[in-house]
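Read through the structure below, which is laid out as structure tokens, and then see the notes.
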Amino acid sequence: MEQHDVSLHRGRSTKLMARWKRWWQPILALTVYAGLALAANWPAYPGRPDLLRQGDLTQMAWFLAWTPYALLHGHDLFQTTWLNAPAGVNLAQNTSAPLLGLLTAPLTLTKGVVASVNLLLWLSYVLSAGSMFLVLRRWVRSPWAAFAGGLLYGFSPYMTGEGFNHLNLLFVPLPPLIFLACYELFIRRAGHPLRWGLVLGLLVAAQFYISPEIAATTSIAAGGALVLLAVARRAEAVTAFRYSRGGAALAIGIAIVLVAYPVWVMVAGRYRFGGPAFGGSLPADLAGPVLPTSTERVGLGLTSQGDQLVARDVPENGSYLGVPLIALLGFSLVHRWRIRWVRFAAVMLLAMFVLSLGPRMVVDGHTTGIPLPFVAISKI
């Protein structure tokens, strides 16, 4: 009996050790991300009900409060006369982020909407960085490399800029998961295609209800990546299509059904507006990757030089990389160029950067007449 108890105890200890070895790295990564996110938003902290950064976040607070109020009182989530009365507002054309309002509804109804805003600002950094960390662990051997990737994604200049004003653009844990679902469905092809199709459709729809803009740009990036892979590996593309077509059709069907009504409100509903909502544009600057703004903590003597770019709208200037990181990136590409995934990443990096430059190239704040590929997308 004693021998049996000892064996049972050893078996339990072995299982606990195996679980600890599996989970200590994600736990540690998330803990560090959580601490950095707390510092990024200080003196606001998650759930603080009495401190709100002024600017666009005041409008976002209204949107977050509207979601539970509308659901409890039978109002339309996507169009209302409670703003801009009596003319009304088409909320589907605005940054209402109803999914975030739904997720934080209990906190909004008990402690107030400001508490929800501060919670979401903190979670945006933690979950975005953590999502990228977990996705990268699928491809890299070193947990430290995955940790660095999560850190770069979750605390990038883009994130620090959008953290000032735009919660809907800051909350981006889903794009890495969307790319993972695309990889599993179209590239790896190991699981059941319908399962990954279901996951992909739900993720795209969820992202739409946080930010249609991020859903659109993520779809453009994922679609472009799949086209690039199909051209580069034409023989495998036929096999991949036959395997994934059912899952892809399911993903498209689910996404269309779940977003059909808000899209209809967006383009044909009451209170809609026509033409561009913003007459100008805020494309990235060609000098942006090497000129840091005042939101960066390490600028190598160039701090605030980037404040003059992107129409001097510092929060919208999120393209800074820095000379050391660009040099490391270039070295890695040259050193690992024989790996096909590195070549693929290099082409995608170049393509996404060119798209970020907008319809006309801007260099050091001066708009040139050089047309860029985004001209075609901007017509849609």
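Here are the numbers for the structure shown:
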{"read-out": "In Å, descending, principal axis extents of the Cα set of region 331-380", "value": "36, 27, 12"}
{"read-out": "Equivalent ellipsoid, region 232-287 (semi-axes from 5 times Cα gyration tensor eigenvalues, Å)", "value": "35, 24, 7"}
{"read-out": "Viscosity 0.692 mPa s, temperature 37 °C, Stokes-Einstein D of region 202-268 from Kirkwood C-alpha radius, µm²/s", "value": "247"}
{"read-out": "Heavy-atom surface of the chain, accessible at 1.4 Å and reported per residue (Å²)", "value": "56"}
{"read-out": "Percent carbon-and-sulfur accessible area, the chain, ignoring ligands, DNA and RNA, probe 1.4 Å", "value": "67"}
{"read-out": "For region 188-328, size of Cβ-based charge dipole, Lys and Arg +1, Asp and Glu -1, in debye", "value": "840"}
{"read-out": "5 Å-binned pair-distance histogram of region 229-380 (Cα, whole percent)", "value": "2, 7, 11, 12, 13, 15, 14, 12, 9, 4, 1, 0"}
{"read-out": "Compactness of region 23-99, expressed as Rg and Dmax over alpha-carbon positions, Å", "value": "17.2, 55"}
{"read-out": "Fraction of the pair-distance distribution of region 82-240 above 23 Å, Cα-Cα pairs, percent", "value": "48"}
{"read-out": "Region 152-265: radius of gyration over Cα atoms, expressed as a fraction of 2.2 N^0.38 Å", "value": "1.14"}
{"read-out": "Size of electric dipole in the chain: Cβ of Lys, Arg +1 and of Asp, Glu -1, about Cα centre, debye, nearest 20", "value": "1640"}
{"read-out": "Dmax and Rg, reported as Rg then Dmax, of region 62-141 (C-alpha, Å)", "value": "16.2, 59"}
{"read-out": "Mean separation of Cα contacts under 8 Å (6+ apart) over length of region 278-380, as relative contact order %", "value": "28"}
{"read-out": "Sparsely packed trypsin sites (Lys or Arg not before Pro) within region 280-378, loop by DSSP, other Cβ within 10 Å at most 13", "value": "R297, R336, R338"}
{"read-out": "With at most 10 neighbouring Cβ atoms within 10 Å, loop chymotrypsin sites (Phe, Trp or Tyr not before Pro) (DSSP) excluded, longest segment of the chain", "value": "1-272"}
{"read-out": "Size of electric dipole in region 292-368: Cβ of Lys, Arg +1 and of Asp, Glu -1, about Cα centre, debye, nearest 20", "value": "540"}
{"read-out": "Over 34 Å [Cα-Cα, the chain], rounded percent", "value": "35"}
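The values are calculated or read from the model by the stated rules, or taken from the named source; none is laboratory data. None of the values given here were measured: they were computed from a predicted structure. When we count neighbours, we look across all protein chains shown, and the Cβ atoms used for this are built from the backbone with ideal geometry, even at glycine. Surface areas here come from the heavy atoms of the whole protein model, side chains and all, with no ligands, DNA or RNA. Shrake-Rupley method; radii C 1.70, N 1.55, O 1.52, S 1.80 Å.
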